[in-house]
Amino acid sequence: MTQFLFVLTILALTYVFGHCSLGDSFPSYRNCVLECSQKRCDKDGIRYKRSCCLVVLEVFKWKCSENCKYDCMWPMVEGLVERDWPVPQFHGKWPFKRLLGLQEPASVAFSLLNLFTNLIMFNRFKEQIRFTLPSCNIWSLYTLVSANCWFWSAVFHGRDTMFTELMDYISAYAMVLFAFYTIGHRILLYSNQIVKNTFMIICSLAFIYHSLYLLTTEYDYKYNMTTNLLVGAVTGTAMLIWAVLNRRRMGHGKYLIFYVLGMTLASLLELADFPPLLWTFDAHSLWHLATAPNAYFMYKFAIEDCKHQRRMLLK
């Protein structure tokens, strides 16, 4: 009965405060933040009235008002846990324990894991592919785009600002779209140059349009997510079709199948949504962890496919 009344209270508060998350709609939380801001912060809410925070927080440019929200959140969370009540989100995010000033330390660590995995596998690619082919340049660019994506992912999860959020979303779309371009380039490898150039222009325009949309309009999470999922689904489908159709002549297509299956299974984690385990590991951070091993299959395909192309040229 108590939990039922608690849920009704949350729904009522959410209705009253409109676009708030459940957690920051609590009057006690709002009063805490207001009192903290008046006591600690200057009128702009950015600076402290007197130095009273850790140096690491200053390094990451945490505002005084943001630290008040963080400090007021945890008594609320602890009170809910003690009563065995569900923990809601605050300001659109689950509660995360900071580590050295990092906002979501697990997502930062696993983003860097993806970055290093791509760089390590690309180094293996360069060790084994010492000859020059058009596809070699494509895989070099693929690594550059992927490394840029995971770098901004780490930055964004370390410190969420409008700028880091925008860079993360644009970089993520660039990686998704370039994976599509990469498989498209392989499918069109022996087509005439006009067809290949047209395909390149279409992909470039798609990236420019998406980036400008994010830059010039109020951020639309649903649009961004739908666009990435659509491009990713088309890419995965193209990879599977190509691998199946060429399974007899090019057995290394199996690595694409493994890659698509791995990414699909990893993406199931994005469907989950739960409070972070140990206030550190949420579904999204675990998705970052699950994507890291799939770089092996993508670069393994790249290595074997370049070797295959070399053999065809030498015949």
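Being at pLDDT below 95 and under 27 Å from the mean Cα position of the chain (by Cα) narrows it down to one of His252, His284, His308, so name that one. Write out each step before concluding.
On the way: His252 fails: under 27 Å from the mean Cα position of the chain (by Cα); His308 fails: under 27 Å from the mean Cα position of the chain (by Cα).
From the options His252, His284, His308, the qualifying one is His284.
Can we say Val260 is closer than 18 Å to Ala290 by Cβ and not hydroxyl-bearing (Ser, Thr, Tyr)? Full working, then the answer.
On the way: closer than 18 Å to Ala290 by Cβ: yes; not hydroxyl-bearing (Ser, Thr, Tyr): yes.
Taking the combined requirement at face value, the residue satisfies it.
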Exercise. Please find, within the range 193-216, the residue that is farthest from the chain's Cα centre (by Cα) out of those that are open to solvent by less than 30 Å² (accessible area, probe 1.4 Å) and under 20 Å from Ala233 (Cβ atoms).
Key: Cys203
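Kindly indicate whether Leu119 is surrounded by fewer than 20 Cβ atoms within 10 Å (Cβ to Cβ) and at pLDDT 90 or above.
Spelling it out, Leu119 is indeed surrounded by fewer than 20 Cβ atoms within 10 Å (Cβ to Cβ) and at pLDDT 90 or above.
When you look at Arg310, is it more than 21 Å from Leu113 (Cα to Cα), basic (Lys, Arg) and free of Cβ contacts under 8 Å to residues at least 24 places away in the same chain, yes or no?
Details: more than 21 Å from Leu113 (Cα to Cα): yes; basic (Lys, Arg): yes; free of Cβ contacts under 8 Å to residues at least 24 places away in the same chain: no.
For Arg310, the condition - more than 21 Å from Leu113 (Cα to Cα), basic (Lys, Arg) and free of Cβ contacts under 8 Å to residues at least 24 places away in the same chain - is not met.
Suppose we keep only residues that are more than 21 Å from Thr161 (Cα to Cα) and assigned to a helix (DSSP H, G or I) within the range 83-114. Which one would you say is most open to solvent (accessible area, probe 1.4 Å)? It would help to see each step written out before you state the result.
Quick first cut of the range 83-114, residues more than 21 Å from Thr161 (Cα to Cα) only: 83-88, 113-114.
Filter again for assigned to a helix (DSSP H, G or I), leaving 113-114.
On the way: Leu113: 70, Asn114: 4 Å².
Of everything passing the filter in the range 83-114, Leu113 is most open to solvent (accessible area, probe 1.4 Å).
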Practice problem: Might you let me know whether the range 223-233 holds any residue that is among the polar types (S, T, N, Q), open to solvent by 60 Å² or more (accessible area, probe 1.4 Å) and under 23 Å from Thr164 (Cα atoms)? | Solution: yes
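Quick test for you: out of Tyr219, Tyr190, pick the one residue that is open to solvent by 60 Å² or more (accessible area, probe 1.4 Å), under 24 Å from Ile303 (Cα atoms) and assigned to a loop (DSSP other than H, G, I, E, B). It would help to see each step written out before you state the result.
On the way: Tyr219 fails: under 24 Å from Ile303 (Cα atoms).
Within the list Tyr219, Tyr190, the selection yields Tyr190.
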Quiz item: Mind checking which residues of the range 128-142 are surrounded by 14 or more Cβ atoms within 10 Å (Cβ to Cβ) and assigned to a loop (DSSP other than H, G, I, E, B)?
Solution: Ile129, Leu133
Practice problem: Would you point out which residue out of Thr217, Thr280, Thr237, Thr226 is among the polar types (S, T, N, Q) and closer than 22 Å to Ile187 by Cβ? | Solution: Thr237
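The values are calculated or read from the model by the stated rules, or taken from the named source; none is laboratory data. Owing to the predicted nature of the structure, the values given are computational and were not obtained by experimental measurement. Glycine also receives a Cβ, built like all others from the backbone with ideal geometry; neighbour counts cover every protein chain displayed. Heads up: the accessible areas ignore ligands, DNA and RNA and are worked out on the full protein's heavy atoms, side chains in. Shrake-Rupley method; radii C 1.70, N 1.55, O 1.52, S 1.80 Å.
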